[in-house]
Each structure stands twice: as C-alpha cells, then as structure tokens.
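These notes concern the structure reproduced below.
The values are calculated or read from the model by the stated rules, or taken from the named source; none is laboratory data. The structure displayed is predicted, hence computed values, not measured ones. Please note: Cβ atoms are built from the backbone with ideal geometry, for glycine as well, and neighbour counts cover all protein chains shown.
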Amino acid sequence: MHIDKSKVDKVILITGAGSGMGQLAAQNFSKQGAKVAALDVNADGLATTAEGFEGIKTWQLDITDFDAVNQVVAQIVAELGPIDSVYNAAAIMPFGKLTDQANAVQHKIMHINYGGLVNIAQATLPAMVARGEGDFISFASSAALIPTMLTGAYSASKAAVALYTEILYHENINSGLRFACVCPIVVKTPLLQQARDTVWPKMLDSGAPMQAQEVLDEIDDCLKKGKFWVYAGKGAQMGARMRRFFPSLIWQQVHKTEGF
C-alpha cells in the first residue's frame, strides 16, 4: 500500500467495513489520514476494524433500511463533514443451485448486495454531485460478467450492481465525480469462506485467489487513469470479453468443468 497524502482529512464512507475488503480499505484510509465512516451490520467486526485507529468512526447499520441509511449519512456529515468518497463493499455470498437455494436467501442476497447499493447511492450522491467532486466505488464481481452455475443468485445481484453503477456513472458523467465498478476474480476474504460453506463451483478453482490489497491497489490505479471498469485479477478482463463475443464457448466450458 502506498501513502496517498491527498486523503488527509477526506471523509470516506465504507459499507461492509466489518470484515474483508471493506475492513482493509477503512484501515488503509485511516493510515493515510482520512476520516473514515465504517458501516456494517456486524458490531464485533466494526470493533475489530476500528481497534487502534483513531480516524475510524463506526456505525452499526443494516443497509437495506433506507430510513436508517439516511439517518446515518446525516450523522456522518454532521460529525465528520461532507462525504468525499463512498466505497460500497457490503455483500453476502452464499452459493447454491437456483432451484435448491432457499427463496428467502435469494431475496436477501439481492436486498443486501443490490438494494443496499441503491440506498447508499440515493443517500450520498445528491450532495456529492452538488459539490462537484468525489469518488463513488461499487464492488461488483467477475461473477457479474462471466456466468457459471451454482452462483446464480449472487451473480444476478452483482450483475445488477454493475449495470446500476454503469448507468449511474453515465447519468452523472459531467458531475466532476469519479465512478468505478470493481469486478475482481476470486478474492481471499471471509466472504469467500461464506461461499465455500454452501456449495463451491469447480469453475472457481482455476487459479489462486487474489489478495484484498491487490484489488484496492487496482482501484486506486483505475481511478487515477479515469477508468470506470476495474478488472482486477488475471483473466478478469479477458473473461469479460469472452463472455461478450463467445458466450457459447463460456457455457461449454462451464458444463464440462461442473459435469452437468
């Protein structure tokens, strides 16, 4: 991680900050002198995130509750100042065959992964657009772009995240804000274990998982270069191109690998 002095005193809101990518991002930004608003439903995880970091202030929050999201955003602005950057890292990732996975689980995945993004966007972006500056980062996934089996509900939620963020970017393209949609390959975080504890597609065993810091570094690089799509990890961009131009070949490989 490099020290970015431009982050000093910036207010950075991070969802899913109680573990994994969000936790690491919160701690990184705090080391760089930012004022971090760390949001998560997991109070214990937030306590771990903030331990030893004076620049991290935590809010326990269910991001599917729009009224609560608005209240917390108002508190952040009142206590820390106008929000400069938003990192939407909150997500859950249980896998399962679509006809087997519980109905309630499939709806919960969409409510958190996609619905939470909608709530955060509507609560934060109007003021950021009015100020004419800031960063808005959504964490999608290569699973949003490259289909496989046994990930259906999660992949659908991340596809929604990707398309929503892309349209959001183009609707605000002259606003002065920088937008990024992050589509990494498999990343070594607690979210990965959540998936492994359900079912695990063989397609995802094609290579070693990325480290979370590698993804965060790629985001920084793409923001500086003005790139909207952050294809993090070996094969991420190539996979997206294969999906676009040769979808039948992708599915042939999926069926061959999964064995059904």
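The set of residues in the stretch 194-230 being charged (D, E, K, R) and in contact with a strand residue (DSSP E or B) (Cβ under 7 Å, 6 or more places away or on another chain) consists of 218 alone. Residues in the stretch 219-258 that are over 30 Å from residue 28 (Cβ atoms) and either touching a Lys or Arg at 6+ places or on another chain (Cβ under 6 Å) or of a type in the set (Asp, Glu) (or both): 3 in all. Looking at the stretch 27-59 only, could you name the residues that are buried (at least 24 other Cβ atoms within 10 Å of the Cβ) and closer than 17 Å to residue 120 by Cα? Within the stretch 27-59, 36, 37, 38, 39, 40 qualify. Within the stretch 22-47, the set of residues being of a type in the set (A, V, I, L, M, F, W, C), in contact with a Phe, Trp or Tyr (Cβ under 9 Å, 6 or more places away or on another chain) and either under 22 Å from residue 66 (Cα atoms) or at pLDDT below 95 (or both) comprises 36, 37, 38, 39, 46. Looking at the stretch 89-122, which of the residues that are among the small types (Gly, Ala, Ser) and over 17 Å from the mean Cα position of the chain (by Cα) is surrounded by the most Cβ atoms within 10 Å (Cβ to Cβ)? Restricting to residues being among the small types (Gly, Ala, Ser) and over 17 Å from the mean Cα position of the chain (by Cα), the top hit is 96.
Going by what's in this entry, would residue 152 be described as more than 16 Å from the chain's Cα centre (by Cα), in contact (Cβ under 8 Å) with a residue 40 or more places away in the chain and within 30 Å of residue 127 (Cα to Cα)?
Criteria not met by residue 152.
Counting only residues that are under 19 Å from the mean Cα position of the chain (by Cα), among the β-branched types (Val, Ile, Thr) and more than 17 Å from residue 11 (Cα to Cα), the stretch 21-78 holds 3 of them.
Just one residue in the set 73, 69, 86, 8 is surrounded by fewer than 19 Cβ atoms within 10 Å (Cβ to Cβ), closer than 28 Å to residue 175 by Cβ and among the hydrophobic types (A, V, I, L, M, F, W, C); that residue is 8.
For the structure I just gave you, tell me whether residue 93 is farther than 23 Å from residue 17 by Cα and of a type outside the set (Ser, Thr, Tyr).
no
Sort through 37, 50 and tell me the only one that's touching a strand residue (DSSP E or B) at 6+ places or on another chain (Cβ under 6 Å) and over 16 Å from residue 134 (Cβ atoms).
Going through 37, 50 in turn, the sole match is 50.
Determine whether residue 169 is part of a helix (DSSP H, G or I), under 30 Å from residue 258 (Cα atoms) and not basic (Lys, Arg). So residue 169 does not fit the description; no.
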